[in-house]
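The values are calculated or read from the model by the stated rules, or taken from the named source; none is laboratory data. Computed from a prediction, not measured in an experiment: that's the story for all the values here. Ideal geometry is used to build each Cβ from the backbone, glycine not excepted, and the neighbour counts take in all protein chains shown.
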Amino acid sequence: MNPAFSVIFLTTLIGAGQGLFLALYTGQVYGTFGILGGQLPPVNLYVNGTFIVMLLMGLGLFASFFHLGRPERAWRAATMWRTSWLAREVIVLPAFSGAAMVWGALYYFGIDPVLVVLGTVNIHLSLVVGFVATILAFLLYLCTGMIYAAVKFIQEWASPLTVVNYLLLGSASGFTLAAALAASQYSGLVMFFAMWAIIITLIGFATRMYSLRRNARLKRKTTACTAIGVRHPKITQISQGAMGGSFNTREFFHHQSPQVIKAIKLSFPIAVFVIPVTLLVIGWSNDSLVLLSLAFVVQYLGLLLERWFFFAQAWHPQNIYYAAT
C-alpha cells in the first residue's frame, strides 16, 4: 500500500493521546487505593495532562481530514456503525475525547465530590468518569486496529497482532510522555510512569517483532491463477493493459526501492524501542526532563516510521495485475 501521511499522523497522535490518558488515570487509581505509598499526584499533572491529551486528539482528528475526498460529509461515516469498524471509530473517538475532557475539567474546576466510601477509600466522581474514559480508550484502540485487521485479503494486517500492536505502541508512547510530563511538574511519579513505559515498550517490542516474523513467512493465498480462474501451473502477464498510471498503480504500492524499505525496517525498532528504553532508564534515575522528553520525541518519530512500514508492507491482491509489469 502507498502510506497516506494523514493516516499515519492520525493513528500515532490519537494513540499517544489515549496512552497518556491511560497513564494519568493509572496514576489516579494507584494513588486512590494507596498503591503509591500514600503519594497523590498533583492536580496540575492531571489538568496539564488532559490539555495535552485533547491537543493530541485534536491534531489527530485534524490530520484525518486530509485523506477525505469530501470532509464535510465525514459525519456520514458514523451511520454504518453496525458493520464498519471505521464508523465505530468515528463514534468512539469523540466519545473518548469528551469523557477525557470532563475528567480533566473536574480537576480544573475543583468539582470532584465523593460518591461512595469503600472502607477507607473515597471513590470520587473523577474516578468514575476516568473509568468510563478508560473503557472508551481501549475501545478506540480496538476500533482503530480492527479497521485494518478486518481486511482479510491483506494478509499482513489480518491478524490479532494488528490490534495488539496499536494498543501497546500507543500506550508506550503515552506512558513515556507521562514520565516527561511528571518530570516537568516535579512529581514523584516519574519512576512510576517511566517503569510502566519501559514494560509496555518491551512487550510491544516482542509483539511487533513477532508480527514482522509472521509477515515474512506469509504464503500468498491469491495468485494470477486464482484471480482469473485458469487452472494452469504458470500464468505470465506481459502487459498491464494501460498506457499510463492510474489510481490503482499509485495508491496500492509504496513506490520505494528495496533498500529504502530495508532501511526503515531496521531503523524503526531502534527508534521505537531501543533508544527510548535507554533514555527512560537514564532519565528516570536522574529525574531528567530533557532525557525523558527526548525519549518521547525519538519514540514518536520512530512510530511514524513504524506506521509507514505497516502500511507499505501490506500487499494488496490487485497488485497481481497492476504491479506485475
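Starting from residues that are within 26 Å of the chain's Cα centre (by Cα) and among the β-branched types (Val, Ile, Thr), keep the ones in region 15-57 and report whichever is farthest from Gly302 (Cα to Cα). Per the stated criteria, the residue is Val29. Just one of the listed residues (Ile14, Ile52) is of a type in the set (A, V, I, L, M), closer than 14 Å to Ala182 by Cβ and surrounded by 17 or more Cβ atoms within 10 Å (Cβ to Cβ), and it is Ile52. If we scan region 130-138, do we find a residue that is assigned to a helix (DSSP H, G or I) and polar (S, T, N, Q)? Yes, region 130-138 contains at least one residue that is assigned to a helix (DSSP H, G or I) and polar (S, T, N, Q).
Checked against the criteria, Tyr141 does not count as farther than 17 Å from Gly204 by Cα and modelled with pLDDT of 90 or more. When restricted to residues that are surrounded by fewer than 15 Cβ atoms within 10 Å (Cβ to Cβ) and free of Cβ contacts under 8 Å to residues at least 24 places away in the same chain, region 59-78 contains 10. Within region 47-84, the set of residues being more than 20 Å from Ala133 (Cβ to Cβ), modelled with pLDDT under 85 and either among the aliphatic types (A, V, I, L, M) or in contact with a strand residue (DSSP E or B) (Cβ under 8 Å, 6 or more places away or on another chain) (or both) comprises Leu68, Ala74, Ala77, Met80.
Results for (1) touching a strand residue (DSSP E or B) at 6+ places or on another chain (Cβ under 6 Å); (2) among the aromatic types (Phe, Trp, Tyr); (3) under 22 Å from Thr11 (Cα atoms); (4) at pLDDT below 70, shown as yes or no for each residue.
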position	(1), (2), (3), (4)
Ala183	no, no, no, no
Ala194	no, no, no, no
Phe205	no, yes, yes, no
Asn215	no, no, yes, no
Lys221	no, no, no, no
Ala227	no, no, no, yes
Thr236	no, no, no, no
Gln240	no, no, no, yes
Glu251	no, no, yes, yes
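Flag set for Ile320, criterion: surrounded by fewer than 21 Cβ atoms within 10 Å (Cβ to Cβ), modelled with pLDDT under 95 and not in a loop (DSSP other than H, G, I, E, B). Out of curiosity, is Ile282 surrounded by fewer than 17 Cβ atoms within 10 Å (Cβ to Cβ), of a type in the set (A, V, I, L, M) and over 30 Å from Gln318 (Cβ atoms)? Yes: the conditions hold for Ile282. Looking at region 146-243, the helices (runs of 4 or more DSSP H) lying wholly inside it that each contain 3 or more residues that are crowded, with 21+ Cβ neighbours inside 10 Å sit at 160-184, 190-216.
Take Leu301 and decide whether it is loosely packed, with under 15 Cβ neighbours inside 10 Å and at pLDDT 90 or above. The answer is no for Leu301. Only one of the numbered conditions (1) at pLDDT below 95; (2) assigned to a helix (DSSP H, G or I); (3) touching a Lys or Arg at 6+ places or on another chain (Cβ under 8 Å) is not met by Ala87, and that is (3).
When Pro42 is tested against (1) of a type outside the set (Gly, Ala, Ser); (2) closer than 21 Å to Thr176 by Cβ; (3) surrounded by 22 or more Cβ atoms within 10 Å (Cβ to Cβ); (4) in contact (Cβ under 8 Å) with a residue 60 or more places away in the chain, only condition (3) is not met. Figure legend. Inter-residue proximity from region 136-165: first residues acidic (Asp, Glu), second residues surrounded by fewer than 19 Cβ atoms within 10 Å (Cβ to Cβ), beta-carbon distance below 6 Å, spacing 6+ or different chains. Indicated pairs: Glu156/Asn215.
Look at region 100-122: where a residue is exposed (fewer than 10 other Cβ atoms within 10 Å of the Cβ) and a partner is modelled with pLDDT of 90 or more and not acidic (Asp, Glu), sitting 6+ places away or on another chain with Cβ atoms under 7 Å, you get Pro113/Leu125.
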